[in-house]
Every structure is written in C-alpha cells, then in structure tokens.
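Asker: Pasting a structure below so you can have a look.
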Amino acid sequence: LDTFKKYVFLSTNYDKYKTSNNPTENALISFTKEYINNNYQKLKEISFSSDRKIMSNLYKMSNDNYMFVKGGIDVVLNKCDFFETISKQVLSELKKQEIMNLVNNYADKGRRVIGFAYKKINKDNITINDEIGLTFIGFVTIIDPPREETINAVKNCYNAGIKPVMLTGEYKNTAVAIAKE
C-alpha cells in the first residue's frame, strides 16, 4: 500500500520528474524514479535497442539483486516462464494468450503497450543471456497520438501521388491503429 501511494504521488507530479524528450520514458520515470532511486542501488543497465526491443536494469534490494526488464510486450512475454499476481505461478501458453488478448484490445485502439518482468539474480552483473526465465508482472498502456504535422505530411504525399510507407518498431496492432488514424 505504501508503494502504491508513492506511485500515485509520482504520477500526479509528472513535471517535477521529467528528464527526457521521450514521452514514454517521462511517463515511466515519473511513475517510479524517486521511489526506486531512494530505496535501491542500481548495479548495471543493458540499454534498449530496436533489435532487442527491451532493456534491463540490475538493482541491489536489501541483500538480493533483481533484474527488471521492460520493453515490447510480445518480447517480454516470450522471455517469461512465470507470472505474478498474489503469488508466483507458471506462465502457461493459455495464460500468455489471455494476456495477449488484453494487449490486442489496447493496441487495436492505438495504445503503446510496454511489458514488465523481473528475475532474482545471484551475481552483481547481467548480460542479455540472463534475460530468460523471467516473471511477468504486468504492462502499461500509453496513448501516443500521431503528431499533427505527420497527418498533414501523409495527406501531402497522397496529393502528390506518393505512396507513404510506415516504418516502426511498434507492436503490429498498435502500428496499424496509428496508421489508420
């Protein structure tokens, strides 16, 4: 409950914690930054890349080390063997499909979907080889509408006889919904 109250405080004080020009990062940072930085020591980061579509951070929490992973929901889920609600449970293919059905509902409405997972690590360093056997803890959806100038640029292309093509790293359903918009 105390953690939840802290998250509510952070999410309602967004401007105070804004550190990036990326709205997705700002939303996530505002949600967690102060709480994490005041309570845990960051040991290692594996940066996001468009090839991997995820990023990982290793934190020391009390006497244990935990790797936290965020990224494309489909990639995160495929690296998970467990999920956590009240207790840790095996993540079956049926449960993954259930989660993806929820994700698709949001993505079909043009929302970006970012998955989160974790894993306890018994060392002070991580590599991409450690990004397996994770425990899925949830996802966040974010509305990231097309910029007005993008809409006009697409219209201008069509008027000039140019067929525009969309290149994106977004989840397929999200990209289709944004393209339609």
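The values are calculated or read from the model by the stated rules, or taken from the named source; none is laboratory data. This structure is a prediction, so every number in the text was calculated from the model and none was measured. Glycine gets a Cβ as well: all are built from the backbone with ideal geometry, and neighbour counts include every protein chain shown. Heads up: the accessible areas ignore ligands, DNA and RNA and are worked out on the full protein's heavy atoms, side chains in. Shrake-Rupley method; radii C 1.70, N 1.55, O 1.52, S 1.80 Å.
Asker: When you check residue 50 against the structure, is it at pLDDT 75 or above, closer than 28 Å to residue 170 by Cβ and not in a helix (DSSP H, G or I), yes or no?
Answerer: yes
Asker: Please work out which residue is modelled with the lowest pLDDT, limiting yourself to the range 135-149 and to residues that are within 13 Å of residue 113 (Cβ to Cβ) and open to solvent by 30 Å² or more (accessible area, probe 1.4 Å).
Answerer: Checking each candidate, the answer is 144.
Asker: Restricting to the range 44-71, count the residues that are hydroxyl-bearing (Ser, Thr, Tyr), touching a strand residue (DSSP E or B) at 6+ places or on another chain (Cβ under 7 Å) and open to solvent by less than 50 Å² (accessible area, probe 1.4 Å).
Answerer: Count: 2.
Asker: Residue pairs, Cβ under 7 Å, 6 or more apart or interchain, first in the range 161-174 and closer than 15 Å to residue 53 by Cβ, second exposed (fewer than 11 other Cβ atoms within 10 Å of the Cβ). List them.
Answerer: Partner pairs satisfying both residue conditions: 169/50.
Asker: Still on this structure: Take the residues in the range 150-180 that are at pLDDT 85 or above and in a loop (DSSP other than H, G, I, E, B); name whichever of them is least open to solvent (accessible area, probe 1.4 Å).
Answerer: 164
Asker: Restricting to strands (runs of 3 or more DSSP E) lying wholly in the range 80-127: which have 2 or more residues that are open to solvent by less than 80 Å² (accessible area, probe 1.4 Å)?
Answerer: Correct list: 80-84, 111-121.
Asker: Taking the stated definitions as given, is residue 76 at pLDDT 95 or above and either surrounded by 16 or more Cβ atoms within 10 Å (Cβ to Cβ) or over 24 Å from residue 50 (Cα atoms) (or both)?
Answerer: Yes, satisfied.
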